[in-house]
Amino acid sequence: MRWLRDFALLIVLAGLIGGGIIYMRRERDQEALVMQASAELLRLETEIKYRSATKTAEVNSRGWPVSVDPAWFENNPPMNRLVSPDRPWLEVAGVEEAGLLHPSVRVAVDPTLAAFWYNPYQGVVRARVPVMVSDERTLAVYNRINGTALASIFVRETPMPTPDLLPITPGGTDEATGAGAESTGHEVELAGSAPAAEGSGEASASAGAGAPSAAEKKDEPYGPPMVKGEPRKPRGKR
């Protein structure tokens with residue numbers, strides 16, 4: 001019966017070795033996604049700063065672009081592949097969030113939260129992270145990608161005072177400074193995407209029968225900004 005014991009031991013060792021290999025591969029893949037997300041965030045930040053410096057986009061009273069146009073990236077916008085693609089690409093903070101340096105919700109807990117968050121009043125952009133094995137791991141990944149040092153992923157940020165900002169209709173002018181309009185919060189969606197029907201995973205009927213599948217949408221260029229609840233036409237284009 002000794003051979004049965006040896007055989008069982010071999011099976012256990014093989015299982016341990018196989019589990020270790022699978023774990024290392026997952027860690028390697030996760031590390032690659034984290035590094036890619038960090039690089040893509042830097043690309044997004046660099047483009048926003050360039051548009052601000054050259055004034056080649058509509059800017060607010062603080063000199064930052066009021067939104068981010070995916071066309072700036074020639075059909076290759078930065079992607080946060082740590083989170084699922086069935087969500088808005090980028091959320092633009094409204095004037096009510098002007099004093100924040102981080103989104104209130106930093107973890108992509110549901111598909112309504114965008115992959116990136118941009119505050120046009122501070123000129124900062126952040127990448128959201130997925131739910132991970134622990135809050136500590138989630139926090140470590142968020143801080144690493146965004147170059148921050150938050151003490152907790154759930155910490156409630158105290159907004160900085162912004163007495164110079166007034167809510168102005170997009171497209172208008174700040175009467176105090178003569179600068180561009182203060183932007184309302186809105187999201188940038190995938191080109192051709194449609195909001196999911198409430199209570200189901202099906203796309204809205206407004207998308208039409210010829211709408212591309214989710215797999216086809218993943219690598220498509222992103223569409224124009226969509227104001228929450230109201231379609232918004234891109235400026236400067238016909």
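The values are calculated or read from the model by the stated rules, or taken from the named source; none is laboratory data. The shown structure was predicted, so the numbers you read here are calculated from the model rather than taken from an experiment. Methodologically, a virtual Cβ is constructed for each residue, glycine included, from the backbone with ideal geometry; neighbour enumeration extends over all protein chains shown.
Counting the residues of the range 104-122 that are assigned to a loop (DSSP other than H, G, I, E, B), farther than 18 Å from residue 87 by Cα and touching a strand residue (DSSP E or B) at 6+ places or on another chain (Cβ under 9 Å) gives 1. Only one entry of 88, 159, 130, 170 meets the criterion of being crowded, with 17+ Cβ neighbours inside 10 Å and at pLDDT 75 or above, and that entry is 88. Within the range 65-103, the set of residues being outside any loop (DSSP other than H, G, I, E, B) and of a type outside the set (Asp, Glu) comprises 65, 70, 71, 72, 73, 90, 92, 95.
Residues in the range 84-114 that are out of contact with any helix residue (DSSP H, G or I) (no Cβ under 9 Å at 6 or more places or on another chain), closer than 27 Å to residue 31 by Cβ and not polar (S, T, N, Q): 87, 88, 91, 101, 105, 108, 109, 110, 111, 113, 114.
Residue by residue, here is whether (1) touching a Gly at 6+ places or on another chain (Cβ under 6 Å); (2) buried (at least 22 other Cβ atoms within 10 Å of the Cβ); (3) under 17 Å from residue 145 (Cα atoms) holds:
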{"residue": "39", "(1), (2), (3)": "no, no, yes"}
{"residue": "48", "(1), (2), (3)": "no, no, no"}
{"residue": "61", "(1), (2), (3)": "no, no, no"}
{"residue": "70", "(1), (2), (3)": "no, yes, no"}
{"residue": "75", "(1), (2), (3)": "no, no, no"}
{"residue": "78", "(1), (2), (3)": "no, yes, yes"}
{"residue": "83", "(1), (2), (3)": "no, yes, yes"}
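Every condition in (1) crowded, with 18+ Cβ neighbours inside 10 Å; (2) part of a loop (DSSP other than H, G, I, E, B); (3) modelled with pLDDT of 95 or more is met by residue 125 except one, and the failing one is (2). Would you confirm whether or not the range 42-64 contains a residue that is of a type in the set (Lys, Arg), over 19 Å from residue 157 (Cβ atoms), in contact (Cβ under 8 Å) with a residue 40 or more places away in the chain and assigned to a helix (DSSP H, G or I)? Yes - at least one qualifying residue is present in the range 42-64. Could you grab me the full set of residues in the range 132-168 that are closer than 18 Å to residue 36 by Cα and assigned to a loop (DSSP other than H, G, I, E, B)? If the condition is that a residue be closer than 18 Å to residue 36 by Cα and assigned to a loop (DSSP other than H, G, I, E, B), then 132, 147, 148 are the ones that fit.
Can you spot a residue in the range 12-33 that is of a type in the set (Gly, Ala, Ser) and modelled with pLDDT of 75 or more? Checking the range 12-33: at least one residue is of a type in the set (Gly, Ala, Ser) and modelled with pLDDT of 75 or more.
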